[in-house]
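Here is the structure we will look at, set down as structure tokens.
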């Protein structure tokens, strides 16, 4: 299917993080489409809210009616959304590329912090930071760092600095991509895990 290029009006709808789950469900819909009632059940959202959102997306020509299912009374319209979409920075309201990135990254970062804290509190009630020269590590009052406390759990959270040559930095990047490719969609019956990886030259304070 050809790539869809967003207009300014479409970009505003497509880049709202609150619609990500709805957009994903519409793009993953079968060729015959998915109904508003099915979307509401899948997303755990009210029927009224989904009707409103799908109506806005249809008016903006982001979603389309894939089929109409005859039924006594009112026919059921089934929707789907073509994919993929390209959303140019130039058509958004972001003043700079930094603003453009922040609008998508920061809400997800806040969500990852929320999920991380919930998981950590389930495993241990007391947490704190250990500050040493050039390091700041999460751990317990007894001293073990987080990676030891949660060693047997599928959970990692770390921001650090590595001194690398450009060649070694490229090698690290290659290995990370290989790992992501290996584990991406590894088991359709598995659970969802949120993963964020960033490697960039420079040091954060």
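For the reader, a short list of remarks on this structure follows.
- Taking region 97-205 as the region of interest, the helices (runs of 4 or more DSSP H) fully inside it that hold 3 or more residues being within 30 Å of residue 87 (Cβ to Cβ) and touching a residue at least 60 places away in the same chain (Cβ under 8 Å) are 97-123.
- Residue check, residue 150 loosely packed, with under 12 Cβ neighbours inside 10 Å and either outside the structural domain of residue 21 (by TED's automatic domain parsing) or over 30 Å from residue 18 (Cα atoms) (or both): no
- In the set 88, 17, only one residue is in contact with a helix residue (DSSP H, G or I) (Cβ under 6 Å, 6 or more places away or on another chain) and in contact (Cβ under 8 Å) with a residue 24 or more places away in the chain; that residue is 17.
- Candidate set: region 44-63, residues that are touching a residue at least 24 places away in the same chain (Cβ under 8 Å) and in a helix (DSSP H, G or I); chosen: the one nearest to residue 3 (Cα to Cα): 57
- Of the residues making up region 65-85, those that are modelled with pLDDT of 95 or more and touching a helix residue (DSSP H, G or I) at 6+ places or on another chain (Cβ under 7 Å) are 79, 80, 81, 85.
- Residue that is touching a helix residue (DSSP H, G or I) at 6+ places or on another chain (Cβ under 9 Å), at negative phi and not assigned by TED's automatic domain parsing to the domain that holds residue 17, where the choices are 196, 117: 196
- Annotation note: of 71, 77, 41, the sole residue that is farther than 19 Å from residue 9 by Cα and in a helix (DSSP H, G or I) is 41.
- Out of 65, 36, 76, 54, one residue alone is touching a strand residue (DSSP E or B) at 6+ places or on another chain (Cβ under 8 Å), exposed (fewer than 15 other Cβ atoms within 10 Å of the Cβ) and not assigned by TED's automatic domain parsing to the domain that holds residue 100. It is 65.
The values are calculated or read from the model by the stated rules, or taken from the named source; none is laboratory data. Predicted, not measured: the structure shown is a model, and the values here were computed from it. When we count neighbours, we look across all protein chains shown, and the Cβ atoms used for this are built from the backbone with ideal geometry, even at glycine.
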